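The structure appears right after this line, and notes come after that.
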Amino acid sequence: MIFNPISHIKGEINLVGDKSISHRAIMLSSISNGNSYIENFLMAKDCLSTIDCFRKMGVDININKDKSVSVKGVGLRGLKRPHGQLDVGNSGTTIRLLMGILAGQNFEANLIGDSSIAQRPMKRVTDPLRKMGAKIIGKDDANFVPITIHGGQLKGIDYIMPIASAQVKSSIILASLYASSQTRIVEKVKSRNHTEIMLKEFGANINVIDNEIYINQVEKLYGQNIYVPADISSASFFICAASMLKGSEILIKNVGLNPTRTGILEVLSQMGGNFEVLNKKVVCGEIIGDLLVRYSKLKAIQIGKELIPKLIDEIPIIAVLATQCEGTTVIKDASELKVKESNRIKSVVLNLKAMGADIEELEDGMIINGPCKLKGTKIDSFNDHRIAMAFSIAALVADKDTCIDNFDCIDISFPEFTDILRKVSY
Ligand code: S3P
């Protein structure tokens with residue numbers, strides 16, 4: 001796909017639903033009693049993988065004409081042994097959260113995924129689930145797919161999270177719904193908390209006190225109507241484009257503004273960005289609002305520590321933004337980037353170097369000296385949706401056309417991206 005430099009972006013946009021919340025909405029609806037209705041669900045490949053897995057376990061999930069989703073919950077113990085393998089495709093959230101639910105089921109299931117999933121570590125999930133009593137076998141002591149999981153009688157655990165990961169935390173929380181005793185999870189650094197918020201809405205016995213989460217068994221969860229806010233990770237591409245291109249002004253409607261996800265706004269604010277949050281409200285336990293973003297001259301900052309989990313998926317686009325900031329931006333404490341859909345430290349550094357940026361790779365991040373006029377060139381997406389989209393935004397501020405290979409991989413999280421970008425480009 002070829003992207004041309006543009007002058008600015010302008011307009012009002014409605015974006016696709018949040019990926020993390022969409023996955024959780026399908027999972028919790030499936031194991032609840034009664035019907036659930038999910039509005040603004042993200043119809044993208046990753047979330048469709050989750051739907052496919054739950055359909056294979058006997059859940060009636062209907063995708064309606066208006067792209068909402070209706071789910072007939074089967075209850076905590078109503079899932080059926082799947083016919084054939086559960087294929088999670090490219091989705092780390094699907095496999096890790098699903099393993100938590102499977103740990104509580106009295107049947108065996110086999111999990112597989114694509115070539116990217118095959119390289120992503122699973123021991124971070126299989127270790128605590130084994131401690132709770134699940135029997136799990138798989139490649140390299142169940143660190144990689146294919147993985148077979150046989151659930152059953154689980155007991156609660158006391159678990160201090162070794163890494164900040166919402167996928168790991170959520171997997172343990174979901175398994176704890178089936179445990180005979182209380183589970184306590186302690187997070188040294190807080191990660192996104194959509195599972196905790198949504199479980200409360202569904203009637204689970206879950207309490208969060210500071211960085212500690214307590215989960216106790218309940219008889220049932222209850223089906224809900226869920227509204228999925230626009231994904232701040234998808235909004236970030238437009239937030240950064242507007243911030244970098246002189247004369248830009250973009251209004252992004254109904255964006256999820258959960259404080260565990262708004263690291264991008266903290267960064268933009270420290271850089272001297274120009275944005276406002278309008279119409280803030282709480283819907284289904286999640287904060288949402290409209291974001292009005294305008295161009296602004298930006299300065300470099302240091303990004304690390306507790307901020308990293310709040311913007312982990314936005315680092316590729318933040319790195320692009322940093323090339324347009326005055327001074328040296330340092331991104332540290334982000335070694336988790338190496339085990340995402342691609343090694344995102346390498347894929348960002350390699351591509352930004354190809355565009356002529358002054359960038360240095362670190363073990364746990366990168367250093368970027370700006371500002372710099374980027375050069376249009378050939379970009380390798382590494383088949384990673386966020387790399388493809390981040391570099392299509394880099395292309396907008398480049399000197400000439402940029403060609404991004406395998407751009408179709410954006411279908412993982414944001415199939416409408418190019419259409420929306422085209423509509424607001426001038
Ligand atoms: C996600 C958590 C994050 C994020 C991923 C989605 C989730 O991963 O990178 O895209 O939905 O729980 P971590 O497990 O590293 O927090």
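Structure summary
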quantity	calculated
Unmet criterion (only one of (1) small (Gly, Ala, Ser); (2) out of contact with any strand residue (DSSP E or B) (no Cβ under 6 Å at 6 or more places or on another chain); (3) in contact (Cβ under 8 Å) with a residue 60 or more places away in the chain) for residue 84	(3)
Of residues in the stretch 401-426 being of a type in the set (S, T, N, Q) and within 24 Å of residue 295 (Cβ to Cβ), the one surrounded by the fewest Cβ atoms within 10 Å (Cβ to Cβ)	418
Boolean, residue 68 is within 16 Å of the ligand (Cβ to nearest atom) and on the phi < 0 side of the Ramachandran plot	no
Qualifying helices (runs of 4 or more DSSP H) (wholly inside the stretch 91-145; at least 3 residues being under 23 Å from residue 179 (Cα atoms), within 16 Å of the ligand (Cβ to nearest atom) and modelled with pLDDT of 95 or more)	92-102, 123-132
Conditions (1) in contact with a helix residue (DSSP H, G or I) (Cβ under 7 Å, 6 or more places away or on another chain); (2) more than 15 Å from residue 235 (Cβ to Cβ): number failed by residue 270	(1)
The listed residue being touching a strand residue (DSSP E or B) at 6+ places or on another chain (Cβ under 8 Å), crowded, with 23+ Cβ neighbours inside 10 Å, modelled with pLDDT of 95 or more and closer than 21 Å to residue 193 by Cβ, out of 315, 308, 331	315
Residue list for the stretch 134-152, restricted to those being without any contact (Cβ under 8 Å) to a residue 40 or more places away in the chain and surrounded by 16 or more Cβ atoms within 10 Å (Cβ to Cβ)	136, 138, 142, 143, 144
Residue, nearest to the ligand (Cβ to nearest atom), within the stretch 153-164, restricted to residues that are more than 20 Å from the chain's Cα centre (by Cα) and crowded, with 18+ Cβ neighbours inside 10 Å	159
Among residues of the stretch 324-344, those that are away from the ligand (no atom under 14 Å from the Cβ) and touching a Pro at 6+ places or on another chain (Cβ under 7 Å), counted	3
Single residue of the stretch 104-133 satisfying the filter (basic (Lys, Arg) and without any contact (Cβ under 8 Å) to a residue 60 or more places away in the chain) that is surrounded by the most Cβ atoms within 10 Å (Cβ to Cβ)	124
Qualifying strands (runs of 3 or more DSSP E) (wholly inside the stretch 165-238; at least 1 residues being over 30 Å from residue 419 (Cα atoms), of a type in the set (S, T, N, Q) and away from the ligand (no atom under 11 Å from the Cβ))	183-186, 205-209, 212-216
Within the stretch 364-383, considering residues that are closer than 17 Å to residue 2 by Cα and under 26 Å from the mean Cα position of the chain (by Cα), the one surrounded by the fewest Cβ atoms within 10 Å (Cβ to Cβ)	380
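The values are calculated or read from the model by the stated rules, or taken from the named source; none is laboratory data. These numbers come from a predicted model, not from an experiment. Please note: Cβ atoms are built from the backbone with ideal geometry, for glycine as well, and neighbour counts cover all protein chains shown.
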